[in-house]
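Written below as structure tokens is the structure these notes are about.
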Amino acid sequence: MKKSLIVICLLVITSHTMAQFNQQYQSSKNDTKDASTFGFNRQSLFAGGTLGLGATNISFSAGATPEIGFTVREWLDVGGLINLNYYSERADPNYYYNQNERTRSFNYGIGAFARIFPVSFFFLQVEPQLNFITTTYTDYNAGGVPPTKYTFQATAPSLLLGGGYSQRIAGQSTFYLAVMFDALSDPNSPYRDNFNNTPVPVFQAGFDINLHPSGK
């Protein structure tokens, strides 16, 4: 029910803001901004993405999400992305962090995104993904005998919903910070807790540069 309410709220907000910005866009056709900046043309194309790096005393993670898209209107960006993530965790013989198992996990995925800007500094984002996960566990509980290894592979769909802060010049460049949650319930999703299948927050910081900035 909570997920449904979130989706409904997003749709209502999106509908309202789309109508609002359509009116603003129509009334500003004669200003200094060239309308050819928007729609599918060379000036609307941008590329960029996010980078992530994390470490604790027992784990390490790194990831990248390159993306390419285009500005449909001043209030709307759409595009596609590739998701790449690596995670490792040391075995813990004290059983505090894990069951004395070393974990090595790599997942990659493909997806699409839509960013809706109700105002210039805030956006809502919808990001469906399909992820492919390969995880290798090394069990050190056998004592003196060689450790046991086993590999788990899975495919998991995800639907990230959220929003964030943006510094954006439509047709030129964008910097953004966002937080999102997986609205689907696939237990193999990289964005859900492995123990109780609850969504975990996904934090992103990214930068996009237009490939053919307007006015150049």
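All of the numbers you see were taken from the coordinates with simple rules; none came from a lab. Note that the structure is a prediction, hence the values are computed from the model and not measured. Here the Cβ is made from the backbone with ideal geometry for all residues, glycine too, and neighbour counts use every protein chain on show.
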Take the Cβ-Cβ distance between S173 and I82 as r, set R0 to 25 Å, and report the resulting FRET efficiency rounded to the nearest 0.05. 0.75
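Name the shape class, rounded, prolate or oblate, that the alpha-carbon gyration tensor gives for segment 46-210, where a ≥ b ≥ c are the square roots of its eigenvalues, rounded holds for a/c under 1.5, and otherwise prolate holds if a/b is larger than b/c and oblate otherwise.
In terms of gyration-tensor shape, prolate.
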Separation between the A55 and T148 pseudo-spin-labels, each 7 Å from Cα along Cα→Cβ, expressed in nm? 3.2
Residues whose built amide H sits under 5 Å from the amide H of V200, excluding neighbours closer than 5 in sequence, are D182, R192, D193
Quick one: 3J(HN,Hα) in Hz for segment 85-99, Karplus 6.51/-1.76/1.60 with θ = phi - 60°, rounded, Gly and Pro as x. 9, 10, 9, 9, 9, 5, 5, 10, x, 8, 6, 8, 8, 7, 8
Please compute the net charge surrounding N131, taking Lys and Arg as +1 and Asp and Glu as -1 over other residues with Cβ under 15 Å from its Cβ. -2
Sorted by chain and number, the residues with a modelled amide H under 5 Å from that of H212, at a separation of 5 or more or across chains, are L45
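Taking R0 as 35 Å, what's the FRET efficiency between L45 and Y140 from their Cβ-Cβ distance, rounded to 0.05?
Values: r = 50 Å, r/R0 = 1.43.
So, using R0 = 35 Å, E works out to roughly 0.10.
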